[in-house]
Amino acid sequence: MKTVVSGIRPTGNLHLGNYFGAVKNFLQMQEEYNCYFFIADIHSLTTHPTPADLHQSVKTVLAEYLAMGLDPEKCALFIQSDVPEISELYTYMNMNAYLGELERSASFKEKVQTQRNNVNAGLLTYPVLMAVDILIHKADLVPVGKDQEQHLEMTRTFGNRFNHMYNTNFFPEPQAFSFTGDLVKVPGLTGSGKMSKSGGANDAIFFSDDDKVTHKKIMRAKTDEGPKAMNQEMSTEINNLFDLMHLVSEQDVIETFRKQYADCTIRYGDLKKQLAEDTLKFIAPVRERIKEVEADTEYLSRAAKTGMEKARESAIKTIEEVRQIIGFRKFY
Ligand code: TYM
C-alpha cells in the first residue's frame with residue numbers, strides 16, 4: 001500500500017486554500033492509503049510565536065483537521081514535535097544540504113524580502129525539515145498545493161543524495177499529489193496571488209470567520225471596470241473570483257455568470273453575492289463542527305496520543321535503520 005505524508009503549519013486558522021490544496025485530498029486518501037497527516041509546529045517556530053499562541057494554534061488546527069473529517073483511526077494524525085525522531089533525522093540530513101541550493105529556494109528568497117530582521121537558520125533549512133517529515137515515513141505521495149512543488153523537488157534531491165552517498169535505495173522518491181490531477185492554487189481575494197494568511201486580513205477566507213466577516217471580505221474583493229467588449233479576456237481579479245466559484249458553486253450557476261461576462265451584462269455585485277452565499281453554505285457546517293471539537297479536550301487528547309503512537313512507530317523504525325546506514329554502531 002502506498003504511504004502518504006502531509007502537514008500544515010499552525011499559523012492560525014485554516015483557510016479555503018489549505019482545504020482545497022491539501023485537506024480535501026487528505027480526506028479521500030485516508031480511505032485508501034497508509035496516511036500520516038501532521039501539524040508542523042516545529043516549522044512554525046521560524047516566526048517566533050509566543051508559547052501560548054503556539055499551543056492555541058496547534059489546538060485549533062487539530063480541531064479543524066478533526067472537524068473536517070480526518071479520522072484518527074484511519075490515519076496517523078499527529079503533532080510534529082511529538083515525534084523526536086524527526087528532529088534527529090533533520091540533524092543528519094542537514095549535513096547533506098548545501099548552502100547554495102537552500103539559498104535558491106523560492107520560499108527562502110521570499111522570506112529574506114518579507115522578514116528582513118528575522119532571517120534565521122531555520123528558514124534556510126526549512127526545506128530539509130520538510131523533506132525529513134516526508135522521508136521519515138518513506139512516503140510515496142504528498143498531497144499539497146502548487147506552492148509546495150519546489151519543496152517536493154528538494155525532498156527528492158535530499159533523499160536521492162542520501163541514497164547515493166550510502167549506496168542504498170533506502171528512501172523512495174515522493175511525488176506531490178492531487179486528486180484533480182494538477183496541483184491546486186486557490187487565489188486570494190486581494191488579487192495579489194495565492195490565498196494566504198500573510199496576504200493581509202482581507203485576502204483569505206478562514207473557516208473560523210463568522211458569516212458577516214466572510215460576506216464582507218468577499219464583497220470587498222477586487223474587481224475591474226467590467227467587460228467592454230463581447231468575449232473579452234478576463235483580468236486576474238475576475239478570473240480569481242471564477243476560480244473560487246468553481247470550488248463552492250454549482251456548475252450551472254457558474255455558467256450563467258460566464259455567459260453574462262461574455263455578453264457584458266454581468267454585475268460584479270451579483271457575482272460576489274452569489275460567491276459569498278455559496279462559500280457560507282460550504283463553511284458554516286464545518287465551522288460549527290470545529291467549535292464542538294475544540295471544546296472536547298478529551299477527544300483532542302485521545303486523537304493526538306493515538307497519532308503520536310502511530311507516527312513514532314514508523315519514525316523509530318526509519319531512524320534505527322538510518323543510524324545503521326550512516327555508521328552509528330553501539331559499543332555496548
Ligand atoms: P502551509 O502550512 O503553508 O500550507 C498547508 C497546505 O495548504 C496548501 N495551501 C494552498 N493550496 C492551494 N492554494 C492556496 N492558496 C494554498 N495555501 C496553502 C499548501 O500547499 C499546503 O499543502 N511547508 C508546508 C508544511 C509542511 C509540509 C511538510 C507539507 C511541512 N512539512 C511535509 C507536506 C509535507 C507549508 O508551509 O504549508
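The values are calculated or read from the model by the stated rules, or taken from the named source; none is laboratory data. Please read all numbers here as calculations on a predicted model, not as lab measurements. Note that each Cβ is placed from the backbone with ideal geometry, even for glycine, and that neighbours are counted across all protein chains shown.
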Checklist line | Residue list for the stretch 34-59, filter: within 14 Å of the ligand (Cβ to nearest atom) and assigned to a loop (DSSP other than H, G, I, E, B) | finding: 40, 41, 42, 49
Check: Can you name the number of the only condition in (1) within 13 Å of the ligand (Cβ to nearest atom); (2) part of a loop (DSSP other than H, G, I, E, B); (3) under 24 Å from residue 194 (Cα atoms) that residue 129 fails?
Finding: (2)
Margin query: Among (1) within 14 Å of the ligand (Cβ to nearest atom); (2) touching a helix residue (DSSP H, G or I) at 6+ places or on another chain (Cβ under 7 Å), there is one condition residue 169 misses while meeting the rest; what is its number?
Written below: (1)
Next item on the list: Examine the stretch 185-193 for a residue that is of a type in the set (A, V, I, L, M), more than 16 Å from the ligand (Cβ to nearest atom) and outside the structural domain of residue 135 (by TED's automatic domain parsing), and state whether such a residue exists.
Entry: no
Notebook entry, point to check: Hey, any hits in the stretch 127-136 for a residue that's more than 18 Å from the chain's Cα centre (by Cα) and closer than 23 Å to residue 317 by Cβ?
Noted result: yes
Check: Checking residue 218 against (1) in contact with a Lys or Arg (Cβ under 6 Å, 6 or more places away or on another chain); (2) part of a loop (DSSP other than H, G, I, E, B), which test does it fail?
Finding: (2)
Checklist line | From 4, 61, residue being out of contact with any Phe, Trp or Tyr (no Cβ under 7 Å at 6 or more places or on another chain) and not basic (Lys, Arg) | finding: 61
Margin query: With under 17 Å from residue 14 (Cβ atoms), in the same structural domain as residue 77 (by TED's automatic domain parsing) and among the charged types (D, E, K, R) as the only criterion, which of 209, 147, 140, 133 stands out?
Written below: 147
Check: Which number in (1) of a type in the set (Lys, Arg); (2) free of Cβ contacts under 8 Å to residues at least 24 places away in the same chain; (3) within 16 Å of the ligand (Cβ to nearest atom) marks the one condition that residue 197 misses?
Finding: (2)
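On the basis of being within 11 Å of the ligand (Cβ to nearest atom) and in a helix (DSSP H, G or I), does residue 22 make the cut? First the steps, then the outcome.
Details: within 11 Å of the ligand (Cβ to nearest atom): yes; in a helix (DSSP H, G or I): yes.
Against the criterion (within 11 Å of the ligand (Cβ to nearest atom) and in a helix (DSSP H, G or I)), residue 22 qualifies.
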Margin query: All but one of (1) under 29 Å from residue 239 (Cα atoms); (2) in contact with a helix residue (DSSP H, G or I) (Cβ under 7 Å, 6 or more places away or on another chain); (3) within 14 Å of the ligand (Cβ to nearest atom); (4) part of a loop (DSSP other than H, G, I, E, B) hold for residue 203; state the number of the condition that does not hold.
Written below: (2)
